[in-house]
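The values are calculated or read from the model by the stated rules, or taken from the named source; none is laboratory data. Since this is a predicted model, take the numbers as computed values, not measurements. Cβ sites come from the backbone with ideal geometry, for glycine too, and all protein chains shown count toward neighbours. Keep in mind that these areas ignore ligands, DNA and RNA; they rest on the heavy atoms of the full protein, side chains included. Shrake-Rupley method; radii C 1.70, N 1.55, O 1.52, S 1.80 Å.
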Amino acid sequence: MNLYFSSAKETQNRKAEHLRVCLEEDVQFRQTTTGLERYRFIHCCLPELDFAEIDITTTFLGKPMGAPLLISSMTGGTEEAKKINYRLAEVAQQYKLAMGVGSQRVAVENPEVADTFAVRKLAPDILLFANLGAVQLNYAYGIEQCQRAIDTLQADALILHLNPLQECVQTNGNKNFRGLLDKIAKLCRVLPVPVIVKEVGNGISAAMAKKLIEAGVSAIDVAGAGGTSWAKVEGERAKDARQRRLGKTFADWGLPTAECITLVRAVAPNIPLIASGGLRDGIDVAKAIALGADIAGLAWPFLQAAAESEAAVSELAEMLMTEIATVLFCTGNSSLSELKRSGALQRLG
């Protein structure tokens, strides 16, 4: 067996384990929260609106969306992952939601599993994001591999995810992050689609956001702390005591999502901004948008639903959209842009 195939098989097994751990184990943050609970909407008892006219549509990266919702990057590379991605894509198409897939490294290393990511045939109109780990640019990846990930999906943009803590806790993780900013800048110059940079649940600071924007990144997904802890995920699957301890020690490490949104927006008023990390319902989504995000990403709730059925995913999407519309109605705002300008969100304390 050649080493390349061994690496691909190892990656595929890791993706299967990630899926199992996220679905079966308690890997949520416990001490660190999203920070969204520190905010409350001012209720409007007389909205002077017709609920039927509430508009939650938006545009992101030039593409219209039925709601400000991104089905965040989750999975791929296995038959179970294919089933989940296909269910998510069907619902994303139905409601015109954005969707990202999990890291496509497994498909780059083993093209036989590329079909587990290839959801464009099910969702021809949605905003669709390809996804690779930025650190792979220091491990023999370059323009060719990034373009392959984009082409496999016929993607509208490429997400490069930053996951230094996950790589530290992951057994044999890739921990050489030196020089990545320059390599990201080069990709931004040469790739034919926008580049989005996201964290994986530990947040992006204002200072890092400024550097990434200067490098040419087209959008940022803050992916803050408060949801799924990838330190916990990797700690759960670790085979040795040291890595398990690292997972426990750093289980609550990171910048809360609400803090990331406000600080990044303060230094970058115009950058297309995605809020994710621990969002669980439509009120969370509306708070994130009121704080300055353009759209909001959810992963774990959609993963739970997709593991059950396509109907469960559809039900979740409808519920989230209804919750967002209800926030608008009960704050006296007819659109998302009105909500952002309204001052209806107040910080407690």
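Exactly one of these conditions fails for Ala275: (1) out of contact with any Pro (no Cβ under 8 Å at 6 or more places or on another chain); (2) open to solvent by 20 Å² or more (accessible area, probe 1.4 Å). Give me its number.
Only one criterion in (1) out of contact with any Pro (no Cβ under 8 Å at 6 or more places or on another chain); (2) open to solvent by 20 Å² or more (accessible area, probe 1.4 Å) is unmet by Ala275, namely (2).
Quick check on the range 267-280. Is at least one of its residues touching a strand residue (DSSP E or B) at 6+ places or on another chain (Cβ under 9 Å), of a type in the set (A, V, I, L, M, F, W, C), part of a loop (DSSP other than H, G, I, E, B) and over 29 Å from Val217 (Cβ atoms)?
No: zero hits.
Could you please tell me which pairs satisfy a Cβ distance under 6 Å, a separation of 6+ or placement on different chains, a first residue in the range 338-349 that is modelled with pLDDT of 95 or more and among the basic types (Lys, Arg), and a second residue that is part of a strand (DSSP E or B) and open to solvent by less than 50 Å² (accessible area, probe 1.4 Å)?
These pairs meet every condition: Arg347/Tyr39.
Select from the range 256-272 the residues that are out of contact with any Gly (no Cβ under 9 Å at 6 or more places or on another chain) and in contact (Cβ under 8 Å) with a residue 40 or more places away in the chain and write down the one among them that is most open to solvent (accessible area, probe 1.4 Å). Can you show your working first?
Residues of the range 256-272 that are out of contact with any Gly (no Cβ under 9 Å at 6 or more places or on another chain), as a first pass: 263, 267-268, 270-272.
Restricting the remaining residues to those that are in contact (Cβ under 8 Å) with a residue 40 or more places away in the chain gives 263, 267-268, 271-272.
On the way: Leu263: 84, Val267: 64, Ala268: 9, Ile271: 19, Pro272: 35 Å².
Selected residue: Leu263.
I'd like the residue in the range 115-129 that is without any contact (Cβ under 8 Å) to a residue 40 or more places away in the chain and either within 20 Å of Asn176 (Cβ to Cβ) or not in a loop (DSSP other than H, G, I, E, B) (or both) and, out of all such residues, is most open to solvent (accessible area, probe 1.4 Å).
Selected residue: Asp115.
Can you tell me how many residues in the range 67-84 are in a loop (DSSP other than H, G, I, E, B) and open to solvent by 20 Å² or more (accessible area, probe 1.4 Å)?
Adding up the residues that qualify gives 3.
Which condition from (1) open to solvent by less than 70 Å² (accessible area, probe 1.4 Å); (2) more than 20 Å from Leu320 (Cβ to Cβ); (3) aliphatic (A, V, I, L, M); (4) modelled with pLDDT of 95 or more is the one that Ala89 breaks?
(2)
Select from the range 157-174 the residues that are buried (at least 22 other Cβ atoms within 10 Å of the Cβ) and over 11 Å from Val135 (Cα atoms) and list them in ascending order.
Across the range 157-174, the qualifying residues are Ala157, Leu158, Ile159, Leu165, Gln166, Val169, Gln170.
Just the residues that are over 18 Å from Arg148 (Cβ atoms), crowded, with 19+ Cβ neighbours inside 10 Å and touching an Asp or Glu at 6+ places or on another chain (Cβ under 9 Å), please, taken from the range 96-112. Step through it out loud before you land on a result.
In the first step, residues of the range 96-112 are kept if they are over 18 Å from Arg148 (Cβ atoms); the result is 96-99.
Okay, now just the ones that are also crowded, with 19+ Cβ neighbours inside 10 Å, so 97-99.
Within the range 96-112, just Ala98 meets the criteria.
Going by what's in this entry, would Ala185 be described as open to solvent by less than 50 Å² (accessible area, probe 1.4 Å), farther than 24 Å from Gly226 by Cα and either among the hydrophobic types (A, V, I, L, M, F, W, C) or not in a loop (DSSP other than H, G, I, E, B) (or both)? Break it down into steps so the answer makes sense when it comes.
Values: open to solvent by less than 50 Å² (accessible area, probe 1.4 Å): yes; farther than 24 Å from Gly226 by Cα: yes; either among the hydrophobic types (A, V, I, L, M, F, W, C) or not in a loop (DSSP other than H, G, I, E, B) (or both): yes.
It is true that Ala185 is open to solvent by less than 50 Å² (accessible area, probe 1.4 Å), farther than 24 Å from Gly226 by Cα and either among the hydrophobic types (A, V, I, L, M, F, W, C) or not in a loop (DSSP other than H, G, I, E, B) (or both).
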